[in-house]
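Below is one structure; the comments refer to it alone.
The values are calculated or read from the model by the stated rules, or taken from the named source; none is laboratory data. Keep in mind it's a predicted model, so treat the numbers as computed, not measured. Neighbour counts are summed over all protein chains in view; Cβ atoms, including those assigned to glycine, are modelled from backbone coordinates with ideal geometry. Heads up: the accessible areas ignore ligands, DNA and RNA and are worked out on the full protein's heavy atoms, side chains in. Shrake-Rupley method; radii C 1.70, N 1.55, O 1.52, S 1.80 Å.
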Amino acid sequence: MKKNILIIGSTGKLGKLLINYCRKNDIPIEAIASYKNFKLQIKQQSKLNIKHGFCLSRNIEVLKFNKFLKLRKFKIVYFLDYGASSLNYLNTIINNNSKTQLCIANKEMIIAGGRLLIDKINYSGNKLLPLDSEHFSMINSNNINKEIKKVYITASGGPFYFKKNLNLNKVSLKQVLKHPKWDMGKNNSIDSSNFINKMLEIIELSIIFDIDINKVDFLVSKNAYVHSMIIYKNSTVLINCFENNMLIPLVSPLIKIFNSKKIKTIVSKNFNISNFKLEIMNDKRFKIKRYLNRIKSFTQLERIYFLLLNNKAHSMYLNNKLKYNDILTFIFNNMPAKQSSNLKLNSFSNIISSINKIKSKYEIN
């Protein structure tokens, strides 16, 4: 197989980081796909001499992309996009490839696909590399469920956790989007500020590693150096840490395959005790704590509702139709009763169909 690389989501935050690294290291890219930023996509193709590019907000381009996926084999495929609809593309890639490294930062796709997705990847002979820092930190760990007592992932605290006197009912959009450590897109910034992203990552971790979700929780790590901690039943504890630089997970398969330039890290951080300070999140200002056990008990369908209603809440909040501190309340007020739905999730096509029906019902774009 040629060392063909496909990047889906090339014009987003992670996509731009990866494209820049590939340019500097002369790593050839077979194809890229964007959603709306067609102008940037064209610039990326020109700078890196990328032959194939697709703008997936256009129906004709979607048809061309699906045809392209059926005709090509890939060594590495990156999903750096947003939303569960990319399951269609992933399904085609899995069906037409083996021994392909599937590098996925799209947590919505993993959550919607559930264990059906993970099992299909495994059975096809392809390999999943999760790119979220928390999950990436665990790839070299012993992740056998029966040997694990507890798993913690970490949160940096976002813009509000360490400002204890701040009233979350009075925060501005500017404050919500101003993360103290990272420049993220609006959706990720909102989820980081209210810890919804940690619940999504807990669900994602349980799916990827097949670990009982009731064993998984999160801690706060202000310096964001520790990404996960595993407590085993034999009383040993494993702390997984690395500098909070998303290039580290992004380029790890490229370093192996192309022997490209490694990411420079500061060794002294390993010996700075403040980097290992962790604390339990007991701040009652954040509504996520009261919903924690409810979210952990979600069925797969409820997880999909949660994802989509969260996206709807983002849109309403950004358009001044919902208050920031009412996002979780809105989501749970609109969650369906468990017995109310007959949507089936036994195939990717059924999952996509269910997502489209829910989107239509709640007028979600």
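Numbers for the structure displayed
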quantity	calculated
For region 1-74, convex hull of alpha carbons as volume per residue, Å³	76 Å³
Portion, in percent, of the accessible area of region 80-230 that falls on carbon or sulfur, probe 1.4 Å	45 percent
Relative compactness, region 94-154, computed as alpha-carbon Rg over 2.2 N^0.38 Å	1.20
nm² value of the averaged projected area, convex hull over the Cα atoms of the chain	18.7 nm²
Quarter of Cα convex hull surface for region 117-181, i.e. mean projection, nm²	7.6 nm²
Partner lysines for Lys344 [C-alpha distance under 24 Å; skip if fewer than 8 residues away on the same chain]	Lys107, Lys120, Lys296, Lys312, Lys357, Lys359, Lys361
Gaussian network model of the chain, Cα within-10 Å springs - most flexible of Asn194, Asn126, Asn142	Asn142
Cα-based Rg and Dmax for region 111-245, where Dmax is the largest Cα-Cα distance (Å)	16.2, 52
Pair Asn245, Asn319: separation of 7 Å Cα→Cβ label points (nm)	4.1 nm
Accessible carbon and sulfur surface of region 270-340 relative to its total accessible area, %, 1.4 Å	49 percent
Reciprocal mean inverse distance between Cα atoms of region 241-348 - Kirkwood radius, Å	18.4 Å
Value of [θ]222 nm, deg cm²/dmol, for the chain, DSSP H segments ≥ 4, -39500 (n - 2.57) each, nearest 500	-13000 deg cm²/dmol
Ile213 versus Arg23: modelled label distance in nm, points set 7 Å from Cα along the beta carbon direction	4.1 nm
Estimated inter-spin distance, Leu278 and Lys47, nm [label 7 Å along Cα→Cβ]	3.8 nm
Full-extension gain in nm, Lys262 to Asn346, via 0.36 nm per residue minus C-alpha separation	26.1 nm
Volume in Å³ per residue [convex hull over Cα atoms, computed for region 300-365]	79 Å³
Coarse-grained scattering of region 35-121 at q = 0.14, 0.17, 0.26 Å⁻¹, given as base-10 log I(q)/I(0) from a Debye sum over alpha-carbon atoms	-0.52, -0.78, -1.51
Value of relative contact order over the chain, rounded to a whole percent, pairs C-alpha under 8 Å and six or more apart	15 percent
Cα Rg, Dmax (largest Cα-Cα span) when computed across region 274-337, Å	14.1, 45
Region 56-189 - Rg (one decimal) and Dmax (whole number), Cα, Å	18.7, 57
Extension gain, Leu71 back to Asn140 (0.36 nm per residue minus Cα-Cα distance, nm)	21.5 nm
Karplus-derived HN-Hα couplings along region 318-331 (A = 6.51, B = -1.76, C = 1.60, θ = phi - 60°), whole Hz, x at Gly and Pro	5, 9, 6, 9, 8, 7, 3, 7, 9, 4, 5, 4, 4, 4
Rg(Cα) / (2.2 N^0.38 Å) computed for region 155-314, rounded to two decimals	1.14
Length-normalised contact order for region 301-365 - Cα pairs under 8 Å, 6+ apart - percent	39 percent
